[in-house]
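J.: I'd like to ask some things about the structure below.
The values are calculated or read from the model by the stated rules, or taken from the named source; none is laboratory data. Remember, it's a predicted structure, so these values are computed and weren't measured experimentally. Glycine gets a Cβ as well: all are built from the backbone with ideal geometry, and neighbour counts include every protein chain shown. Just the protein is used for accessible areas: all its heavy atoms, side chains included, with ligands, DNA and RNA removed. Shrake-Rupley method; radii C 1.70, N 1.55, O 1.52, S 1.80 Å.
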Amino acid sequence: MSKDTELAVEESSEGQENLRLWKSVEKTPPDMTKHVKARGGYTTVDAQWQLRVATALWGPYGDRWGMRNLDYRFIDIHDRDEKRTFMTSSVVLKAEFFYPSNGKEVSFEILNDDKWTSGDDTLKKLITNTRSKALSMLGFSADVFLGKFDDANYVKTLTALFEDQDAFVNGVVTKIMAAKDLAALERCNERLEEIIGDRTLDDAAVAKELTELIIQRKRELTAKS
């Protein structure tokens, strides 16, 4: 598929709808990444931050989304160097990743492996890494996996973008919490719907958090009335 065809597909109404989730989670705050020097150097994403974003979208891990049917297989491998032959072990994890989409549950199989090292929390690390890989298939932190963090200008622009977004979101939160009555809160809600609709706020997780904050504030105001 040519680049022009890819762009045409992405810009179609169907393409935009199919990419809705991807585009809402593809950008990664630079302070939620870390550069690793091993294997020639690469960027990793903070797994706990990914967990928070997915939780904001779908709820607590294990409820409507997560991994299940985890199956571990340990494999012994004969290896050798210049002086000797030796045995190493690997562990393979096969799991089912599930999440909600358009009112129904969607799932897919995910496979991952790692070298087995006793006492090194290998299984824990493997689960975390596998979850991150599964989320990447849905677009989470796609900019990292596409290698965009190798571009210093991209990182600089992204840093400024998230700083501006944080300031903007903080302003929205302040207005919601300052609402003195339900009418004022409804105006906040209408404005939030506008900025979500015109993609001024193009972050599904943050948008959901703000929506839930309005619901919480509505309960508080209703209780006082």
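J.: Could you tell me whether segment 159-170 includes any residue that is in contact with a strand residue (DSSP E or B) (Cβ under 9 Å, 6 or more places away or on another chain) and either β-branched (Val, Ile, Thr) or under 26 Å from residue 200 (Cβ atoms) (or both)?
T.: No, segment 159-170 contains no residue that is in contact with a strand residue (DSSP E or B) (Cβ under 9 Å, 6 or more places away or on another chain) and either β-branched (Val, Ile, Thr) or under 26 Å from residue 200 (Cβ atoms) (or both).
J.: I want to confirm something. Restricting to segment 93-132 and keeping residues that are among the hydroxyl-bearing types (Ser, Thr, Tyr) and over 21 Å from the mean Cα position of the chain (by Cα), which single residue is farthest from residue 25 (Cα to Cα)?
T.: 118
Yes or no, residue by residue, for (1) more than 24 Å from the chain's Cα centre (by Cα); (2) not hydrophobic (A, V, I, L, M, F, W, C):
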residue: 165; (1), (2): no, yes
residue: 177; (1), (2): yes, no
residue: 188; (1), (2): yes, no
residue: 191; (1), (2): yes, yes
residue: 212; (1), (2): no, yes
residue: 223; (1), (2): yes, no
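J.: Considering segment 170-205 alone, what residues qualify as being basic (Lys, Arg) and either in contact with a helix residue (DSSP H, G or I) (Cβ under 6 Å, 6 or more places away or on another chain) or farther than 25 Å from residue 141 by Cβ (or both)?
T.: 175, 180, 187, 191
J.: State yes or no: is residue 95 hydrophobic (A, V, I, L, M, F, W, C), open to solvent by less than 50 Å² (accessible area, probe 1.4 Å) and touching a Leu at 6+ places or on another chain (Cβ under 6 Å)?
T.: Criteria met by residue 95.
J.: Checking residue 32 against (1) of a type in the set (A, V, I, L, M, F, W, C); (2) modelled with pLDDT of 85 or more; (3) out of contact with any Phe, Trp or Tyr (no Cβ under 6 Å at 6 or more places or on another chain), only one condition comes out false. Which one?
T.: Of everything listed in (1) of a type in the set (A, V, I, L, M, F, W, C); (2) modelled with pLDDT of 85 or more; (3) out of contact with any Phe, Trp or Tyr (no Cβ under 6 Å at 6 or more places or on another chain), residue 32 misses just condition (3).
J.: Got a number for residues in segment 30-69 being open to solvent by less than 70 Å² (accessible area, probe 1.4 Å) and not in a helix (DSSP H, G or I)?
T.: Within segment 30-69, residues that are open to solvent by less than 70 Å² (accessible area, probe 1.4 Å) and not in a helix (DSSP H, G or I) number 12.
J.: Of the residues that make up segment 128-147, is at least one among the small types (Gly, Ala, Ser), over 21 Å from residue 23 (Cβ atoms), free of Cβ contacts under 8 Å to residues at least 12 places away in the same chain and loosely packed, with under 13 Cβ neighbours inside 10 Å?
T.: Within segment 128-147, none of the residues are among the small types (Gly, Ala, Ser), over 21 Å from residue 23 (Cβ atoms), free of Cβ contacts under 8 Å to residues at least 12 places away in the same chain and loosely packed, with under 13 Cβ neighbours inside 10 Å.
J.: Quick test for you: out of 24, 89, pick the one residue that is modelled with pLDDT under 90 and within 30 Å of residue 197 (Cα to Cα).
T.: 24
J.: Now a separate question. Taking the criterion of being assigned to a loop (DSSP other than H, G, I, E, B), charged (D, E, K, R) and modelled with pLDDT under 90, would at least one residue in segment 203-215 satisfy it?
T.: yes
J.: Looking at (1) part of a helix (DSSP H, G or I); (2) open to solvent by 50 Å² or more (accessible area, probe 1.4 Å), can you tell me which one residue 172 breaks?
T.: Checking residue 172 against (1) part of a helix (DSSP H, G or I); (2) open to solvent by 50 Å² or more (accessible area, probe 1.4 Å), the one that fails is (2).
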